[in-house]
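K.L.:
Okay, handing you the structure first.
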């Protein structure tokens, strides 16, 4: 009888306790519990402590990105920005040492993207430097353009920085964001004379210094587009002369197969009416 | 041995008592344009449920249901409905696995329960084919609609919903369905055209490494658990001539440039994974 009872209880235990556990194990990864509720600032600050990253921290930042704009304090935004920049440096260093070590879905990359999402949605100018460092990735361009004047110095600095061999698109992104500011009827009139001068100068400089060969074409094209957007008649003429000259395009690093694309883009720029 | 058996039995009983509440998310054409959250209370002791209150907090895109107070039998449903509002309440919206109830015992004491443990989330609708299984994966894996895009799969076919074929040119369904099923969620209205334009703009053929992934597939390839590949508006691509490993920076930048000009709203940097360009159309 005892033996019978024993076997019944074991079956009961396996059915009730062990089986659900096995089912759950097959459902990994489970939803981190932080996704169950809205993030609050103290939770976000706590998550930013320490360098270890786990699913819970990631989930807290995913939820934090759903908070309405300007609901987090400046110090929290600054801490999120610093953490995003730290991760960017760390990932960049890992990649430089061994490109194959980085894979889509790595938690630190996903966490960095979540941090950037928080910064984008908070619309706090304290985040400008961190967001500029991410442009044009993670959909940051639109966010940074909205900052207008406040973001110009950081964007100009970024556009002047040389890119390491494994960095791609950052100079283009900064030039593009500046161009979108000039193209925006809301933002253009708010830009100071000083900012406009800085933008004009970086366009001139980047048309001359297009960096390494592999990405020279796109940097030149973005700089030329920006030059047109400044409304400066001299720069406009300079770009127009290049666009209509295949040899000149090639001299600026634009290979024959890509000339149709870039010519079209720059012709579109020239067709626009940029007020001076 | 007997003590051990007794402990085992007690553990089983406690476990049985620890799962008396179930929350189901209900979505079906019968309820259109409403979706409802149902809380189902069960107890081995009917007197437990003489008077009780229950709270259910829902995730983004879900209904809120709280402070309901109902007297009922041992098993009872609490039911609330909200307007569906253009997919804002998603069939797979994540209901917070956080619920609680208070039972008011006859002697004036209360028994409270509040937990973060996973509630059974059950999608009660059936597409009569693999789409039901795919939908259930979203529930099981906790993939929920985010605040920037309310799109989630439905039983519907075409448009922004499920596909089982179609596409055109170099990007037929068979290329963009990189999931485990014969059905896939592909944003037919955007993704095909986008990739077509990227290829034309680039001036050479592109190879699609990954487009739609159902949640299980996404997990098995190490994708972020909220990866846009599960929404069918993301693609990983590279030049057809690129060997395995990193795409060279010149071609990678070229594809990024073209993808951006064709409306990609989100591109991941080269240093996150250099074997392809990840571009998606979130927010469209």
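K.L.:
What residues of region A:86-122 lie in the reach of a label at residue A:190, counting those whose backbone N is under 18 Å from a point 7 Å from the Cα along Cα→Cβ?
P.N.:
Zone members listed by number: A:120-122.
K.L.:
Restricting to Cα pairs below 8 Å that are 6+ residues apart, what does the relative contact order work out to for chain A? Please round to a whole percent.
P.N.:
After rounding, I find 12 percent.
K.L.:
Then there's this: Shielding by partners for B:243-252, please: the mean number of other protein chain Cβ atoms within 10 Å of each residue's Cβ. It would help to have the intermediate numbers written out before the result.
P.N.:
Numbers: counts 0, 1, 2, 5, 1, 1, 10, 11, 1, 4.
Average per residue, whole number: 4.
K.L.:
Take every residue in peptide A:156-167, count the Cβ atoms of other chains within 10 Å of its Cβ, and give the average of those counts.
P.N.:
If you average over the peptide's residues, the count of other-chain Cβ atoms is 1.
K.L.:
Next question, about the same structure. Give the distance, in whole Å, between the Cα centre of region B:234-279 and the Cα centre of region A:133-166.
P.N.:
19 Å
K.L.:
Next up: What share of all Cα pairs of region B:164-243, in percent, falls into each consecutive 5 Å distance bin?
P.N.:
3, 17, 28, 25, 17, 10, 2
K.L.:
A follow-up question, please. In nm, give the distance between the simple-model label positions of residue A:74 and residue B:132, each being 7 Å from the Cα along the Cα-to-Cβ direction.
P.N.:
Inter-label distance under the simple model: 5.8 nm.
K.L.:
Please compute the average number of Cβ atoms from other chains found within 10 Å of each residue's Cβ in peptide A:257-264. Walk me through the intermediate numbers first.
P.N.:
Details: counts 4, 7, 0, 2, 8, 1, 0, 2.
Whole-number average of other-chain Cβ neighbours for A:257-264 is 3.
K.L.:
Per 0.36 nm of contour for each residue apart, how much would the distance between residue A:93 and residue A:251 grow if the chain were fully extended, relative to their Cα-Cα spacing? List each step's numbers first, then the result.
P.N.:
Numbers: separation 158, 0.36 × 158 = 56.88 nm, distance 3.31 nm.
Fully extending the segment from residue A:93 to residue A:251 adds 53.6 nm.
K.L.:
Give the calculated FRET efficiency between residue B:175 and residue A:101 to the nearest 0.05, with a Förster radius of 22 Å applied to their Cβ-Cβ distance.
P.N.:
0.15
K.L.:
Further question: One quarter of the convex hull surface, Cα atoms only: what value does that give for region A:154-239 in nm²?
P.N.:
Computing the convex hull of the Cα atoms and averaging its projections yields 5.2 nm².
K.L.:
So, in nm, how far is label residue B:205 from label residue A:197 when the simple model puts each one 7 Å beyond its Cα toward the Cβ?
P.N.:
Here the answer is 5.5 nm between the modelled labels.
K.L.:
Turning to a different aspect of this structure: Residues of region A:235-268 with backbone nitrogen within less than 17 Å of a virtual label 7 Å along the Cα-to-Cβ line of residue A:213, please, listed as ranges.
P.N.:
A:250-258
K.L.:
Taking R0 as 51 Å, what FRET efficiency do you get between residue B:248 and residue A:46 from their Cβ-Cβ distance, rounded to the nearest 0.05? Intermediate values should be presented prior to the final figure.
P.N.:
Working: r = 42 Å, r/R0 = 0.83.
After rounding to 0.05, the efficiency reads 0.75.
K.L.:
Report the equivalent ellipsoid semi-axes for chain A in whole Å, largest first, defined as the square roots of five times the eigenvalues of the gyration tensor built from alpha carbon atoms.
P.N.:
50, 22, 15
K.L.:
Dividing the convex hull volume of the alpha carbon atoms of region A:34-134 by its residue count, what do you get in Å³ per residue? Numbers along the way, then the final one.
P.N.:
Numbers: hull volume 8.9 nm³, N = 101.
Spread over its residues, the Cα hull of region A:34-134 gives 88 Å³ apiece.
Coordinate-derived values only; no laboratory data. All values reported here derive from a predicted model rather than from experimental measurement. Counting neighbours? That spans all protein chains shown, and the Cβs are built from the backbone with ideal geometry, glycine included.
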